[in-house]
Amino acid sequence: MTAPTVSVITAAYNGAALIGETLESLRAQTFADFEIVVVDDRSTDDTLAVLRGWDDPRLRVIAAAENGGPVRARNIAVAEARGRYLAALDQDDLCLPERFARQVAWLDAHPDCALVGCAVALLQDGVRRPSAYPPHTTPALIRWLLMIGNPLAWSSCMVRAEAAARFDPFTDPDRRYAEDFDLYHRLSRVGEIARLDEELLLYRLHGDNASIRYEATMTANAARVLADAYRAELGAEAEGAATLVATHLMARRPVPDRGVLAEVGALLVRLQRAHFAAHAVSRGDHKLIRWETARRWAGVVRAGLRAGTITLADAVAVRPDHLGLGHAGIDELLWSRLIGAVRVRRRA
């Protein structure tokens with residue numbers, strides 16, 4: 001049997017309500033040379049029946065022997081995959097028709113690229129809206145953003161199988177709910193990571209999203225990934241720095257006071273300086289990295305203002321020179337401050 005170009009990798013658990021739409025989105029792909037490898041992780045609903053009743057010879061369904069969680073189920077799917085490219089897809093997300101065609105073309109044209117993602121739109125209650133990911137990227141920007149956050153949605157990614165084969169396990173069960181973030185860091189050491197800026201995936205938002213249900217575990221494991229990445233530069237300070245970034249930039253929890261805001265700003269400056277020293281970037285990439293870092297700083301400031309834990313005077317007093325107020329308009333910051341003042345009064 002001839003191996004397909006793409007293997008779609010999906011871990012399924014109690015997804016009967018949505019997985020049919022996900023599979024239907026694959027039928028609409030303009031690039032048809034793919035297989036779908038779905039591992040059902042001992043679902044207690046009708047997921048397995050839906051899968052086994054799906055009429056498409058490209059679908060292979062594997063029933064896990066025991067419930068081991070999504071990371072282990074995904075690793076089983078990867079071990080069974082035959083394609084030269086692995087397309088990530090969670091059971092509830094939707095591929096737009098050109099996704100595989102665009103990503104296969106990119107990987108074919110860029111043999112040094114280990115992974116390519118794509119821009120995503122959010123889908124909630126039938127309404128589509130933009131995501132908070134940066135609208136424009138380059139591989140240099142992605143490399144930097146991995147140091148301060150997760151710049152890719154897992155379901156948007158296509159991985160070169162020969163790069164994936166370097167890792168056992170493919171995704172680490174010990175980094176659960178940040179296993180994708182951990183994988184991107186590991187892959188970045190063996191090849192380039194890129195993102196297509198065209199929206200080619202609809203990411204569903206609903207109450208069962210792992211990112212919502214397991215935020216504390218996700219934040220803690222993301223901090224572990226970052227601590228490993230920071231250790232060479234920061235030494236004994238790596239774990240504390242990683243916790244700051246995971247908590248206030250990734251999980252977007254408000255800083256508790258001006259002092260912590262100052263720590264976050266100083267850390268961003270230090271990390272960025274070290275990154276520029278270690279990686280040669282073009283003038284355009286340098287500008288883009290500065291801009292996106294400032295955008296994230298603005299998010300930290302807004303969250304603190306809205307929570308009422310800092311004032312606009314605090315933000316102005318500790319702002320790093322090249323971040324300013326994060327390119328946020330003064331009207332936006334004043335509005336955040338007003339919201340924060342109301343919340344403070346309510347708590348009083």
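Residue pairs whose Cβ atoms lie under 8 Å apart, separated by 6 or more positions or on different chains, with the first residue in the stretch 107-132 and closer than 11 Å to LEU205 by Cβ and the second of a type in the set (Phe, Trp, Tyr) and part of a helix (DSSP H, G or I), do not occur. The set of residues in the stretch 291-318 being among the charged types (D, E, K, R) and more than 21 Å from GLY149 (Cα to Cα) consists of ARG306, ASP314.
Within the stretch 271-284, residues that are in a helix (DSSP H, G or I) reach partners that are not aliphatic (A, V, I, L, M) with beta carbons closer than 7 Å, at six or more positions or on different chains, in the pairs GLN272/THR293; ALA274/GLU233; HIS275/TRP144. From the list LEU89, LEU23, LEU48, the lone residue that is of a type in the set (A, V, I, L, M, F, W, C), touching a Ser or Thr at 6+ places or on another chain (Cβ under 7 Å) and in the same structural domain as ALA178 (by TED's automatic domain parsing) is LEU89.
Of all residues in the stretch 310-324, those that are assigned by TED's automatic domain parsing to the domain that holds LEU271 have Cβ atoms under 7 Å from Cβ atoms of residues that are buried (at least 19 other Cβ atoms within 10 Å of the Cβ) and in a loop (DSSP other than H, G, I, E, B), 6 or more apart or on another chain, in ILE310/VAL255. Being of a type in the set (Val, Ile, Thr) and under 17 Å from ASN221 (Cβ atoms) is the filter here; which residues of the stretch 234-260 pass it? Those that are of a type in the set (Val, Ile, Thr) and under 17 Å from ASN221 (Cβ atoms): THR243, VAL245, THR247.
Would you confirm, using the coordinates I've provided, whether ARG258 is at pLDDT 95 or above and either of a type in the set (Val, Ile, Thr) or under 26 Å from the mean Cα position of the chain (by Cα) (or both)? In short, no.
The values are calculated or read from the model by the stated rules, or taken from the named source; none is laboratory data. The structure displayed is predicted, hence computed values, not measured ones. We place every Cβ from the backbone using ideal geometry, glycine too, and count neighbours over all the protein chains shown.
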